[in-house]
Structures are given as C-alpha cells and as structure tokens.
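A.B. asks: The structure's right below; bear with me while I get my questions together.
Computed from the coordinates by the stated procedures, all read-outs in this text should not be read as laboratory data. What you are looking at is a predicted structure, and each value in this text was computed from that prediction instead of being measured. All Cβ positions, glycine included, derive from the backbone under ideal geometry; neighbour counts span all protein chains shown.
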Amino acid sequence: MAKKESSEKNLPVQSMPFNFQLEMIKKEIDLINDGLSRFDENGRQTKYLAIFTWAGSMGIVLGNQDLQRYSIFVAIIPFIFWLADARW
C-alpha cells in the first residue's frame with residue numbers, strides 16, 4: 001500500500017507539465033480562431049464596400065443621360081474588389 005500512495009502523490013506533479021502544454025495548445029487554438037475571424041470579417045467588409053461602390057456608381061451613371069455610355073466601365077469596379085479580396 002505504501003508504494004501505491006506514494007505513486008498517487010507523484011501523479012499530480014507528473015501531470016503538471018502535461019496540463020501546462022494542454023493549456024498552451026488551447027490558447028494557441030483560440031489565437032488562430034481569432035485571426036481567422038478577423039480574416040473573414042475583412043473579406044466580408046471588402047465585399048460590402050464593393051457592392052456599395054458598384055451600386056452607387058451604377059446609380060450615378062444610369063441616372064445621368066450623358067454618363068450612360070460609361071456604364072461598361074462601372075462593371076470594372078467589382079473586378080477591382082474581387083482582385084483585392086483574392087489577394088487577402
């Protein structure tokens with residue numbers, strides 16, 4: 001019985017490095033998850049900005065008779081944001 005009690009007393013001391021490593025891995029996973037969340041949010045905001053800019057440009061171009069011939073150039077705006085999103 002004496003051996004069993006001494007080994008049970010040593011168990012928490014031996015598992016302390018494992019618990020520390022486990023906590024560090026959990027923190028690393030949380031940091032990675034936060035980074036991915038920010039990355040997703042940046043992509044989403046870029047898409048919203050592209051939609052807003054394109055819709056505003058189309059509204060201006062189609063609302064003015066003199067500018068309607070430039071409506072094909074307004075189609076380039078989403079492609080610029082698409083390239084920016086692909087780069088992220």
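A.B. asks: Can you find a residue in region 18-37 that is of a type outside the set (A, V, I, L, M) and not in a helix (DSSP H, G or I)?
C.D. replies: no
Here's the yes/no breakdown for (1) touching a residue at least 12 places away in the same chain (Cβ under 8 Å); (2) surrounded by 14 or more Cβ atoms within 10 Å (Cβ to Cβ); (3) assigned to a helix (DSSP H, G or I):
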residue	(1), (2), (3)
53	yes, yes, yes
56	no, no, yes
67	no, yes, yes
70	no, no, yes
77	yes, yes, yes
81	yes, yes, yes
